[in-house]
Amino acid sequence: MASPPLQQSSFLLASLKADYLNKPFLQRCQDLVKVIDDYPAKELHLLFTWLVESVFGSLDGSIVGWNVRFVQARTNEYNTIVEFLDPSGPMMKLVYKLHAEEYKYDFPISYLPGPVRASIQEGVLPDCPLFHNKLQFPPSGLLSLSLSLNPFEYYMFYFAASLIVQRSYLPGQHFSPSDSAYFVLVDSYLKYFLPTEGNVPPSLVPVVRGTVSPPPPRSPIVPFTGYGVHHTSLLKRHISHQPSMNADPAAQEIWRSETILQVFVEMWLHHYSLEMYQKMQCPQVKVTKRCNLLLKHTALPQCCRIDFHCESMISKA
């Protein structure tokens, strides 16, 4: 028999799914805000992946979600979406609640960019530390590998992936990328997690408690090799992911900056051949490459075409 918390979470999820079909958008969001405020992490845990998919759509493109990429400022849903997904909004509050309890969520590597996915499937880990100690090895083999991510990493991977998933909008609909909710959120996340003024993003101390440690190394089915022993950072000061809460206080905040930057770079800018991807892991080109990626990363949303295809921006990488 299921435990009462599990039963309550299942009932809550079923209720939210029913509301998704029957209630107006604004009321659904107001209900979600109340649920996030009132329920503990152990009950919100079972809602998280459903909510992320409901917002950004499915990774295979079959579920549209809130269509954040195409929602314009002139629409009724725009302000509600931007406020709900704001870096200080309800969705991020949920992320931090779950992060404090060390929950993990699987992100299939089949939805990573082609060269990143191919490199992992060939048994070679990318140089980016974002992928280290996170691989899950199912009995079915390498084709169904997944990354075990903390809630913040999972949310950011999904947010970044939603930009490059093929989706459609109504024919004849006038659409401006720079006026979309997605563009505004990218800009907000960059300003919040990579501030130009001050050293670190705002503290998590009021929300996050306890110790958050990296997942233990797993024994792979096949040996994985890397491109180098020392993993450099895209930031001036490198920190490991999911640091202990007793570590350097600055590291408690910087890891989010490191995570969001690495996720955006890995998901948006690696759309070329596996051979080229592997060459770009070499130390000789690492510094130049990452300087260029940082510049392209901060300018990416303005450069995106109307259908948000990123491939045309990669050829000069």
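Just a few scattered comments:
- Filtering 110, 162, 146 for residues that are surrounded by fewer than 16 Cβ atoms within 10 Å (Cβ to Cβ), within 24 Å of residue 57 (Cα to Cα), in contact with a helix residue (DSSP H, G or I) (Cβ under 7 Å, 6 or more places away or on another chain) and modelled with pLDDT of 85 or more leaves a single hit, 110.
- Enumerated helices (runs of 4 or more DSSP H) restricted to segment 2-85, each holding at least 2 residues that are more than 22 Å from the chain's Cα centre (by Cα) and farther than 21 Å from residue 176 by Cα: 4-22, 25-38
- Among the residues here, residue 192 does not qualify as modelled with pLDDT under 95 and in a loop (DSSP other than H, G, I, E, B).
- Counted residues, segment 105-129 - those being within 18 Å of the chain's Cα centre (by Cα), under 23 Å from residue 165 (Cα atoms) and not in a strand (DSSP E or B): 10
- Qualifying residue in segment 72-86 (condition: in contact (Cβ under 8 Å) with a residue 12 or more places away in the chain, farther than 15 Å from residue 29 by Cα and buried (at least 18 other Cβ atoms within 10 Å of the Cβ)): no
- Check on residue 59, modelled with pLDDT under 95, in contact with an Asp or Glu (Cβ under 7 Å, 6 or more places away or on another chain) and open to solvent by less than 30 Å² (accessible area, probe 1.4 Å): no
The rows are residues; the columns are (1) surrounded by 17 or more Cβ atoms within 10 Å (Cβ to Cβ); (2) free of Cβ contacts under 8 Å to residues at least 40 places away in the same chain; (3) of a type in the set (Ser, Thr, Tyr); (4) more than 27 Å from residue 111 (Cα to Cα).
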position	(1), (2), (3), (4)
17	no, yes, no, no
36	yes, no, no, yes
54	yes, yes, yes, no
91	yes, no, no, no
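- Filtered residue count, segment 174-189, keeping only those that are open to solvent by 20 Å² or more (accessible area, probe 1.4 Å) and modelled with pLDDT of 75 or more: 6
The values are calculated or read from the model by the stated rules, or taken from the named source; none is laboratory data. All figures in this text were calculated on a predicted structure; none of them were measured in a lab. Positions of Cβ are generated from backbone atoms using ideal geometry, with glycine treated the same way; all protein chains shown enter the neighbour counts. We work out accessible area using only protein heavy atoms, side chains counted, and drop any ligands, DNA or RNA first. Shrake-Rupley method; radii C 1.70, N 1.55, O 1.52, S 1.80 Å.
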